[in-house]
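Let me begin by presenting the structure, written as structure tokens, before commenting on it.
The values are calculated or read from the model by the stated rules, or taken from the named source; none is laboratory data. Quantities reported herein were computed from a predicted structural model and do not represent experimental measurements. Cβ: placed from backbone, ideal geometry, glycine included. Neighbour counts: every protein chain shown. Remember, those area values only see protein heavy atoms, side chains included, never the ligands or the DNA or RNA. Shrake-Rupley method; radii C 1.70, N 1.55, O 1.52, S 1.80 Å.
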Amino acid sequence: MHGSASLAGKVLAVADRGGLAYDPAAPPTEAWAPVSPILDMGWKGRAAVVGGILYSYDYLGQVKGYDPDTDCWSKVEGLEQELPKFLCGATLANVGELLYLVWEGKWKGKGKAKGKGEARSMVVIDWAAIAVTKAEEGRLTGKVLSRDTIVFKDMPKGSAITHCIALEL
């Protein structure tokens, strides 16, 4: 499985092909079913649900959203100039009904640090908080509200982002 989410009262899990939906309200013999072929073909990588829309990014690196009411994927308009293309490795989360994208950035400083006898390096995390809305005729729009870079020094060699989850404390 490379992605999971809760959408429209169901738990979704997708792999390369053949995603499944679990409906806890259905009778036990009908609780598991294949996801829509449209959803299955369009969902690549990690995803987050904001406002009843499942957001992910496609093989072209564009952020897109899936509307379960129309069984349709739409490109999120308005982000082209503000974000890089996410060919792989980006992760998403819903934080206060904003779509957060988190990805590994590029270190623009010099060299690597060594510490405690093992190789250490810098890990650069870039993130953006995006307000997403469903506009007329099902169009999806996004506006980057904030964006920043965080540099973690002295991380174990090979450290990488694998998943992002939003927590309420």
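For the reader, a short list of remarks on this structure follows.
- Scanning the range 48-62 for residues that are assigned to a loop (DSSP other than H, G, I, E, B) and of a type in the set (A, V, I, L, M) returns a single hit, Leu60.
- Against the conditions (1) open to solvent by 60 Å² or more (accessible area, probe 1.4 Å); (2) touching a residue at least 40 places away in the same chain (Cβ under 8 Å), Gly3 satisfies every one except (1).
- For Val95, the conditions (1) without any contact (Cβ under 8 Å) to a residue 24 or more places away in the chain; (2) surrounded by 13 or more Cβ atoms within 10 Å (Cβ to Cβ) are fulfilled apart from (1).
- Subset of the range 123-139 (residues that are of a type outside the set (Val, Ile, Thr), surrounded by 16 or more Cβ atoms within 10 Å (Cβ to Cβ) and within 20 Å of Trp103 (Cβ to Cβ)): Asp126, Trp127, Ala128, Ala129
- Subset tally (residues that are at pLDDT 90 or above and either of a type in the set (S, T, N, Q) or open to solvent by 60 Å² or more (accessible area, probe 1.4 Å) (or both)) for the range 16-54: 14
- Failed criterion for Leu145 (all others in (1) modelled with pLDDT of 90 or more; (2) over 18 Å from Ser56 (Cβ atoms); (3) surrounded by 12 or more Cβ atoms within 10 Å (Cβ to Cβ) hold): (3)
- Any hit, the range 101-124, residues being within 24 Å of Thr149 (Cβ to Cβ) and at pLDDT 90 or above: yes
- Residue in the range 8-23 that is touching a residue at least 40 places away in the same chain (Cβ under 8 Å) and farther than 30 Å from Ser159 by Cβ present: yes
- Pairs linking a residue in the range 28-47 that is in a strand (DSSP E or B) to a residue that is of a type in the set (Gly, Ala, Ser) and open to solvent by less than 80 Å² (accessible area, probe 1.4 Å), with Cβ atoms under 6 Å and 6 or more positions apart or on different chains, are Ala33/Ala21.
- Scanning the range 55-77 for residues that are open to solvent by less than 40 Å² (accessible area, probe 1.4 Å) and over 14 Å from Tyr100 (Cα atoms) gives Asp58, Gly61, Tyr66, Asp67, Ser74.
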